[in-house]
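K.L.:
Dropping a structure here in structure tokens format, bear with me for questions.
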Amino acid sequence: MTSPAEPVPTAPLRADGGFPVVGIVGGGQLARMCQPPAVGLSVTLSVLSESETASAALVVPHSPVGQHTDLDVLRAWAQHCDVVTFDHEHVPQEILAALAADGVALHPAPEALLFAQDKLAMRRRLTELGVPCPRWAQARTAEEVEAFAQEVGWPIVVKAPRGGYDGKGVQVCRDLTQVQPWLDGVGQGGLADGLLLEEAVPFTRELAVMVARSPSGQASAWPVVETVQTEGICTEVLAPAPELPEELAVAATEAALRIAGELGVTGVLAVELFEVTQEDEEGTAYGTFVVNELAMRPHNSGHWTIDGSVTSQFEQHLRAVLDLPLGDPSARDTWTVMGNVLGGEHPDLYPTYRHLMARDPGLKIHLYGKGVRPGRKLGHVTVFGDDLDALRERAQHAADYLQGVIDE
């Protein structure tokens, strides 16, 4: 039964004309950034938020509070939604199965979302499909870790199959002593099925492909982007990826679209890639890729699309889950640069926000309504134009100023 702390969610107000209600589980910034395109599409959002002050709850009128692990609350809330999608991948599979059995339209479906929730399942399925992946293994014992390390060489990458994000649940380990704390946790939580071990790929850079797919099978893709990581957190996105050979961009896009189709993804899918250099039989170097991670929702590597694309990832996600015709994903300008804003030591962002608006009127600032905490992702900035180096400098300055790294 629903506890007193989890009141039954009320129904959202519906617009006249038969326009649908899209439910989003989770009140984070991804749900928040769905609100502007929802207004443009005449769609009502209902967000099941973690708290009254969650990022999305501050801007979406109907944001009842409830936990994504409470089936009673989810059922009471979902009955008022035409479709349900997700701000995060953490709803347990047994709850998703119960909602699907109730007839709730879930996008992506539980069968697809599993491959974003469980990295071991994802690696198995992509390997079956012949999608390029790092060499990998499942391990529960020190002997299995040693055997894999002997095959691929130290260091190796150790991942929690479930629950990791933004660099959490991932560690580059150089010997068995660094892996041992992970082995001590096997059988519990995100390590219930053991560890995912991967070779440490000697990559040139990190790329990402954002695609969208509707239930009727229509699909679209944005330009391949370069993502710049700092201590496991994406700090910059360059759209499109500079100096990326056309054949590699086409191959990466085709792979992402194939993954979306084979896994039955509905909505937006992010495919994170490592670009690697290999040699053919004649010793000629060429570029290729391996798939690193999947996310079945709008993603940080696609935030640039809000200002830099004809159709943003958030609008496209809503179109896709509603099975509406998909929008044009083309870039609006030659280059778009997105910089993530991380928390620093200064809690009051509004004065810095105003200063940047005056200093750089072409800068687009997106803050998520979160309290400042060092290292916390608070928002992002976007600039676009013809001079990539100048754009990167502008975006970096703005992100640093908001964080308090610089004061002018």
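K.L.:
For region 356-365, which positions are surrounded by fewer than 16 Cβ atoms within 10 Å (Cβ to Cβ) and of a type in the set (A, V, I, L, M)?
P.N.:
Matches in region 356-365: MET357, ALA358.
K.L.:
Let me ask another. Any residue at all in region 236-255 that is open to solvent by less than 30 Å² (accessible area, probe 1.4 Å), among the charged types (D, E, K, R) and either farther than 26 Å from ARG394 by Cα or at pLDDT 95 or above (or both)?
P.N.:
The answer is yes, given that some residue of region 236-255 is open to solvent by less than 30 Å² (accessible area, probe 1.4 Å), among the charged types (D, E, K, R) and either farther than 26 Å from ARG394 by Cα or at pLDDT 95 or above (or both).
K.L.:
Shifting gears a bit: Could you give me the residue pairs with C-beta distances under 9 Å whose first residue belongs to region 231-248 and is farther than 30 Å from ARG376 by Cβ, whose second residue is open to solvent by less than 10 Å² (accessible area, probe 1.4 Å) and part of a strand (DSSP E or B) wherever it lies, and which are 6+ apart or on separate chains?
P.N.:
Hits for this filter: LEU244/LEU207; LEU248/LEU207.
K.L.:
State yes or no: is HIS317 in contact with a Gly (Cβ under 6 Å, 6 or more places away or on another chain), crowded, with 19+ Cβ neighbours inside 10 Å and within 21 Å of PRO240 (Cα to Cα)?
P.N.:
Working: in contact with a Gly (Cβ under 6 Å, 6 or more places away or on another chain): yes; crowded, with 19+ Cβ neighbours inside 10 Å: yes; within 21 Å of PRO240 (Cα to Cα): yes.
Yes; evaluated as a whole, the condition is true for this residue.
K.L.:
With the condition kept exactly as written, say whether any residue in region 129-141 is over 23 Å from PRO202 (Cβ atoms) and either assigned to a helix (DSSP H, G or I) or in contact (Cβ under 8 Å) with a residue 60 or more places away in the chain (or both).
P.N.:
For region 129-141, residues over 23 Å from PRO202 (Cβ atoms) and either assigned to a helix (DSSP H, G or I) or in contact (Cβ under 8 Å) with a residue 60 or more places away in the chain (or both): present.
Here's the yes/no breakdown for (1) of a type outside the set (A, V, I, L, M, F, W, C); (2) in a loop (DSSP other than H, G, I, E, B); (3) touching a helix residue (DSSP H, G or I) at 6+ places or on another chain (Cβ under 6 Å):
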{"position": "GLN180", "(1), (2), (3)": "yes, no, no"}
{"position": "MET210", "(1), (2), (3)": "no, no, yes"}
{"position": "SER216", "(1), (2), (3)": "yes, yes, no"}
{"position": "LEU244", "(1), (2), (3)": "no, yes, no"}
{"position": "ARG258", "(1), (2), (3)": "yes, no, no"}
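K.L.:
Something else: Hey, among the residues in region 113-166 that are polar (S, T, N, Q) and over 17 Å from GLU272 (Cβ atoms), which one's most open to solvent (accessible area, probe 1.4 Å)? If you could, list the steps in order and put the result at the bottom.
P.N.:
The first filter runs over region 113-166 and keeps only residues polar (S, T, N, Q), leaving 117, 127, 138, 141, 150.
Filter once more, keeping what is over 17 Å from GLU272 (Cβ atoms): 138, 141, 150.
Numbers: GLN138: 57, THR141: 56, GLN150: 160 Å².
Ranking the candidates gives GLN150 first.
K.L.:
Assuming TYR353 fulfils every condition listed in (1) open to solvent by 20 Å² or more (accessible area, probe 1.4 Å); (2) over 25 Å from GLU393 (Cα atoms) apart from one, which condition is it?
P.N.:
For TYR353, the exception is condition (2).
K.L.:
May I pose another question? Against the definition (under 22 Å from GLU89 (Cα atoms) and in a loop (DSSP other than H, G, I, E, B)), how does VAL265 come out, yes or no? Before the answer, list the steps.
P.N.:
Details: under 22 Å from GLU89 (Cα atoms): yes; in a loop (DSSP other than H, G, I, E, B): yes.
Yes.
K.L.:
Now for a separate question. Identify, from the list LEU294, LEU349, the residue that is among the aliphatic types (A, V, I, L, M), touching a helix residue (DSSP H, G or I) at 6+ places or on another chain (Cβ under 7 Å) and more than 28 Å from GLY130 (Cβ to Cβ).
P.N.:
Values: LEU294 fails: more than 28 Å from GLY130 (Cβ to Cβ).
The unique qualifying residue is LEU349.
K.L.:
Could I ask something else about it? Testing ALA98 on (1) open to solvent by less than 10 Å² (accessible area, probe 1.4 Å); (2) among the aliphatic types (A, V, I, L, M); (3) outside any loop (DSSP other than H, G, I, E, B); (4) more than 28 Å from CYS173 (Cα to Cα), one condition comes back false. Which one is that?
P.N.:
(1)
K.L.:
Moving on to the next point. For region 366-408, what are the residues that are surrounded by fewer than 14 Cβ atoms within 10 Å (Cβ to Cβ) and among the β-branched types (Val, Ile, Thr)?
P.N.:
Selection gives VAL405, ILE406.
The values are calculated or read from the model by the stated rules, or taken from the named source; none is laboratory data. Only a predicted model underlies this, so the values are computations on that prediction, with no experimental measurement involved. Ideal geometry is used to build each Cβ from the backbone, glycine not excepted, and the neighbour counts take in all protein chains shown. Just so you know, the surface numbers come from the protein's heavy atoms only, side chains and all, with ligands and any DNA or RNA stripped out. Shrake-Rupley method; radii C 1.70, N 1.55, O 1.52, S 1.80 Å.
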